[in-house]
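The block underneath contains the structure these notes are about, expressed in structure tokens.
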Amino acid sequence: MGSLLFLERALLESLSTGAKSAREMSMDLNFSLPLVNSILFNMTKKNMVKFMGEKYLINRESLSHCLNEWNQPESLSWEAREILDGMVDHNPMNFPSETSFLKLRKIYFTDRDLALFKAQLVNLEKFLESLPAKPRRSEKTCDKTIFFWGMTNYKTVLKSILIR
Amino acid sequence: MFSSQKIVNDFKDEYSGLSYREIAAMTGIQMTRVFRIFNQQEMRVSEYERFKQLLLQKKTGAARLLELLNQYAIFLSPSFTRRMERYLEREIKIADLTKKGGR
């Protein structure tokens, strides 16, 4: 089965709130109708979704076999790369907007700074966890916000580049 | 093994109308040597590399990608090559979906 494309995940998330017609998914994801049909055709072929009463729904029995594979660290890192590529390609570093931006800082941490930073991060994570991951009634899947955060150091990145 | 004549012909196609003097200036190869190469004499590896580099600069898109891989794949690590392979497979899958269905 391999890993999941972000396009496919978005479609599954759209269906996770209930059965939808291709047109409803097109509106929910802000995709063209032919694109939704093309993804649905592929996913139906792989038994990920099924078509019943003019609507598509997730094929839960078949999907449960794939979940383990999709949630493997390697598969998830491919999805993360795809999302990051999308963010970088969209160029939010140069043209930040209120809802889409990507920031990067290179700094030196003292032990005290690091402890302070971690405390702030815990607060941020708690706040994010308190927000709903599922849409409220009128919210579209395409309006779902993606957060990225993390840190590393030059040593780790350079090592990773050198051992590629 | 490489074919001198093939690269000379490719070079003539891509950089048509250049004089031997201009080709010598571009490649850094002596003009008399350029003349000989263009008249069937075999190239040295270093000369071949210079012509290849200039040809590569002319290529764009998929042709450039293929040429880069053709020339430099040997220097890339197996793990990086595997990653690029996977990356390309995913991009092709996305391109296939969007080609059939638009964006």
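The values are calculated or read from the model by the stated rules, or taken from the named source; none is laboratory data. Since we're looking at a predicted model, the values are computed, not measured. Cβ coordinates were reconstructed from backbone atoms using ideal geometry, including for glycine residues, and neighbour counts include every protein chain displayed.
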* To do: Could you tell me which residue of the stretch A:47-59 is farthest from A:Leu4 (Cα to Cα), considering only residues that are touching a residue at least 24 places away in the same chain (Cβ under 8 Å) and surrounded by 14 or more Cβ atoms within 10 Å (Cβ to Cβ)?
  => A:Lys55
* Consider A:Gly86 against the criteria (1) in contact (Cβ under 8 Å) with a residue 12 or more places away in the chain; (2) within 30 Å of A:Lys46 (Cα to Cα); (3) away from chain B (no Cβ under 14 Å); (4) exposed (fewer than 14 other Cβ atoms within 10 Å of the Cβ): it satisfies all of them except one. Which criterion is unmet? -> (3)
* For residues that are hydrophobic (A, V, I, L, M, F, W, C) and in a loop (DSSP other than H, G, I, E, B), scanning just the stretch A:134-164, find the one that is nearest to the chain's Cα centre (by Cα). => A:Ile146
* Could you please find all residues in the stretch A:13-48 being aliphatic (A, V, I, L, M) and within 14 Å of chain B (Cβ to nearest Cβ)? => A:Ala22, A:Met25, A:Leu29, A:Leu33, A:Leu35, A:Val36, A:Ile39, A:Leu40, A:Met43, A:Met48
* Among the residues of the stretch A:60-73, write down those that are surrounded by 13 or more Cβ atoms within 10 Å (Cβ to Cβ) and either without any contact (Cβ under 8 Å) to a residue 40 or more places away in the chain or not aromatic (Phe, Trp, Tyr) (or both). => A:Ser62, A:Leu63, A:Cys66, A:Glu69
* Look at A:Phe101 and say whether it is without any contact (Cβ under 8 Å) to a residue 24 or more places away in the chain, surrounded by 11 or more Cβ atoms within 10 Å (Cβ to Cβ) and aromatic (Phe, Trp, Tyr). => yes
* Structure fact -> All-but-one check, A:Ala10 against (1) more than 13 Å from chain B (Cβ to nearest Cβ); (2) under 21 Å from A:Phe148 (Cα atoms); (3) surrounded by 14 or more Cβ atoms within 10 Å (Cβ to Cβ), failing number (1)
* Asked: Got a sec? Which of A:Leu76, A:Leu29 is touching a helix residue (DSSP H, G or I) at 6+ places or on another chain (Cβ under 9 Å), surrounded by 19 or more Cβ atoms within 10 Å (Cβ to Cβ) and within 22 Å of A:Thr145 (Cα to Cα)?
  -> A:Leu29
* Taking only pairs six or more apart or across chains, which ones have beta-carbon atoms under 6 Å, a first residue in the stretch B:60-85 that is more than 21 Å from A:Arg81 (Cβ to Cβ) and more than 12 Å from every other protein chain (Cβ to nearest Cβ), and a second residue that is in a helix (DSSP H, G or I) and modelled with pLDDT under 90? -> B:Glu67/B:Leu56
* Kindly establish whether A:Leu114 is in contact with a Phe, Trp or Tyr (Cβ under 9 Å, 6 or more places away or on another chain) and either modelled with pLDDT of 85 or more or outside any helix (DSSP H, G or I) (or both). => no
* Being part of a loop (DSSP other than H, G, I, E, B), modelled with pLDDT under 90 and either farther than 14 Å from B:Ser3 by Cα or β-branched (Val, Ile, Thr) (or both) is the filter here, so list the residues in the stretch B:19-66 that pass it. => B:Lys59, B:Thr60
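Just give me the residues in the stretch A:48-87 being of a type in the set (S, T, N, Q) and either more than 15 Å from the chain's Cα centre (by Cα) or outside any helix (DSSP H, G or I) (or both), in sequence order.
A:Asn59, A:Ser62, A:Ser64, A:Asn68, A:Asn71, A:Gln72
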